[in-house]
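The values are calculated or read from the model by the stated rules, or taken from the named source; none is laboratory data. Because the structure is predicted, anything quoted here is derived from the model rather than measured. Every residue, glycine among them, receives a Cβ derived from its backbone with ideal geometry; neighbour counts consider all protein chains shown. For accessibility, only protein heavy atoms count, side chains too; no ligands or nucleic acids. Shrake-Rupley method; radii C 1.70, N 1.55, O 1.52, S 1.80 Å.
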Amino acid sequence: MIKLPNAKGWLTKEEAKATGLPLFIKTDSTKPGRWTQEPYGHAVLLTKTRCVALKMPTLDSGREAAVAYRYAQGASSSYRYVPLYDRTSVFESGELPYSILQDGEIMGNKI
């Protein structure tokens, strides 16, 4: 049985896999993470919190769909998969530099 996302929009492992979207998994803080698949040749994928911090918030009321999920190892419940949103255009246009991105925020190669 598939549950609904929690109040933050996070999913369980089963729910995240069921979406068919790429998942970013990082279980060891000393090693880089990995994508389960890379359907986007180049993409900047950020959490809602990171979007807000960089002054490009996500749309409210579910009007913007997640394009991938990131595993949050430290989460205290079974809801450990955080939605990621595409912000590639902001970086491609030069509004923000790629140098500020962290592990798991870019998929594929920079253009």
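Converting phi to 3J(HN,Hα) with the Karplus coefficients 6.51, -1.76 and 1.60 and the offset θ = phi - 60°, segment 73-87 yields 4, x, 4, 9, 9, 6, 7, 10, 10, 8, x, 10, 10, 6, 10 Hz in sequence order, with x at every glycine or proline. Taking GluC sites (Glu not before Pro) in DSSP loop states with no more than 16 other Cβ atoms inside 10 Å as exposed sites, the chain has its longest site-free stretch at 1-63.
Sorting 74-87, 27-40 by average packing, meaning the other beta carbons within 10 Å per residue, from highest down gives 74-87, 27-40.
Between Leu96 and Ala75, the modelled label-to-label distance comes to 2.1 nm, taking each label 7 Å out from Cα in the direction of the beta carbon. Given a 1.4 Å probe and the protein chains as shown, Ser89 ends up with an accessible area of around 80 Å². Sorted largest first, the principal axis extents computed over the alpha-carbon atoms of segment 1-99 equal 43, 35, 25 Å.
Ligands, DNA and RNA left out, the 1.4 Å accessible surface of the chain is 53% carbon and sulfur atoms.
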